[in-house]
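What follows is a single structure, written as structure tokens, with notes after it.
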Amino acid sequence: MSFFQSKLVIAASVGATLTGGAVLLKDYMQGARFERKDVRADGKVAIVTGSNTGIGKETAMGLARRGASVYMACRDLKKCEEAREDIVLETRNPNVYCRECDLASLQSVRKFVQQFKTERTRLDILVNNAGVMRCPRTLTKEGMELQLGVNHMSHFLLTNLLLDTLKQSAPSRIVVVSSLAHTRGTINVKDLNSEKNYDPATAYEQSKLANVLFTRELAKRLEGTGVTVNALHPGVVDTELMRHMGLFNIWFSSILIKPFVWPFLKSPIYGAQTSLYAALDPDLEKVSGQYFSDCAPKDVAEQAKDERLAKWLWATSEKWTGTLTGSAAVS
């Protein structure tokens, strides 16, 4: 064998070893899976927001596979219908429905709930999954900063408008998809809408902390109703949610950097596992106000335990969403 041939063989061997190692690392980083295949959801009705892609689609897929009637609450009906067809073909469950729900509009949320209640008298599972991440400063239809508006305020409104149906259907569950980013978050009580200063990462972290504060406060308000609510961190998942991050939205950065990041990213199907665990595991029937990651309980950040802050955020959310007064504007 010539010197050059020997070098090529060694290079190929190293390349194959590195590739194999990356694949093994990728498999390890996928985390826990909800393995309770005996758990069914026949006869149950579920809503999953943002379910046309990523974690939401896989959550809807998992619920449909177990027999649930699934309402896909999505902004883009064309993409929703394409995802719905995939889910129906994959699960052979025809009871999957697309309904428009633009979380950047409180009016759209109200319209979605109104339509849902004309079609169903029960709701067993509500998965507040949809979200936006680190986007340029944008406002919702009502003038809220987009990440706070979509990730928290619209889900606050959606949940409150559906509470009567959830209570009638008890035992029922609410699942709130938050993030480990909540541990870096603060609630800016003097500039909640990021009008004086806006940083995409800070605004995202604030919205994810709001998710956890909302979950813990709602759990207290739901004691004795048979309705539980829990939050979760899905992991770092390779989805469209990352489209605004600098590493991935510039083509040459994506080519150079993403291969090194890829082994550490969960695939959407694994990102959905903790959502399915929180929505379906029988052992969690009476568990409420908790935070999960990789299908196991985890502690939350100290600022997420601030009961006074949680009550302030609740009152502010009621005001901004018009839950009490019927108004729907930031003031």
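Suppose we filter segment 142-169 for residues that are touching a Cys at 6+ places or on another chain (Cβ under 8 Å) and of a type outside the set (A, V, I, L, M, F, W, C); how many remain? Can you show your working first?
At the first step, the residues of segment 142-169 found to be touching a Cys at 6+ places or on another chain (Cβ under 8 Å) are 146-147, 158.
The next check asks that each one be of a type outside the set (A, V, I, L, M, F, W, C); those that pass are 147.
Number of matching residues: 1.
Can you pull out the residues in segment 135-174 that are closer than 18 Å to Ile125 by Cα, among the β-branched types (Val, Ile, Thr) and not in a helix (DSSP H, G or I)?
If the condition is that a residue be closer than 18 Å to Ile125 by Cα, among the β-branched types (Val, Ile, Thr) and not in a helix (DSSP H, G or I), then Ile174 is the only one that fits.
Taking only segment 160-210 into account, find how many residues are among the hydroxyl-bearing types (Ser, Thr, Tyr) and touching a strand residue (DSSP E or B) at 6+ places or on another chain (Cβ under 6 Å).
Applying the first criterion (among the hydroxyl-bearing types (Ser, Thr, Tyr)) to segment 160-210 yields 165, 169, 172, 178-179, 183, 186, 194, 198, 202, 204, 207.
Right, trim to touching a strand residue (DSSP E or B) at 6+ places or on another chain (Cβ under 6 Å) and you get 172, 178-179, 194.
Summing the residues that are among the hydroxyl-bearing types (Ser, Thr, Tyr) and touching a strand residue (DSSP E or B) at 6+ places or on another chain (Cβ under 6 Å) in segment 160-210 gives 4.
For Asp238, all conditions in the list (1) surrounded by 15 or more Cβ atoms within 10 Å (Cβ to Cβ); (2) modelled with pLDDT of 95 or more; (3) of a type in the set (D, E, K, R) hold save one; what is the number of the exception?
Status for Asp238: all satisfied but (2).
Would it be correct to say that Gly226 is at pLDDT 90 or above and over 13 Å from the mean Cα position of the chain (by Cα)?
Details: at pLDDT 90 or above: yes; over 13 Å from the mean Cα position of the chain (by Cα): yes.
Yes: the conditions hold for Gly226.
Starting from residues that are small (Gly, Ala, Ser) and in a helix (DSSP H, G or I), keep the ones in segment 43-63 and report whichever is farthest from Arg92 (Cα to Cα). It would help to see each step written out before you state the result.
Our first condition is that a residue be small (Gly, Ala, Ser); within segment 43-63, this holds for 43, 46, 50-51, 54, 56, 60, 62.
Subsequent filtering for residues that are in a helix (DSSP H, G or I) retains 54, 56, 60, 62.
Working: Gly54: 20, Gly56: 18, Ala60: 13, Gly62: 12 Å.
Step by step, filter segment 43-63, then rank; the result is Gly54.
Quick one: would you say Leu106 is crowded, with 22+ Cβ neighbours inside 10 Å and either at pLDDT 95 or above or within 23 Å of Tyr277 (Cβ to Cβ) (or both)? Quick ask: steps written out before the conclusion?
Working: crowded, with 22+ Cβ neighbours inside 10 Å: yes; either at pLDDT 95 or above or within 23 Å of Tyr277 (Cβ to Cβ) (or both): yes.
When the stated conditions are applied, Leu106 passes them.
Listed here are the residues, each with its yes/no results for (1) of a type outside the set (S, T, N, Q); (2) surrounded by fewer than 17 Cβ atoms within 10 Å (Cβ to Cβ).
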{"site": "Asn151", "(1), (2)": "no, no"}
{"site": "Leu162", "(1), (2)": "yes, no"}
{"site": "Gln168", "(1), (2)": "no, yes"}
{"site": "His182", "(1), (2)": "yes, no"}
{"site": "Ala203", "(1), (2)": "yes, no"}
{"site": "Leu218", "(1), (2)": "yes, no"}
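The values are calculated or read from the model by the stated rules, or taken from the named source; none is laboratory data. Model, not experiment: these values are computed from the prediction. When we count neighbours, we look across all protein chains shown, and the Cβ atoms used for this are built from the backbone with ideal geometry, even at glycine.
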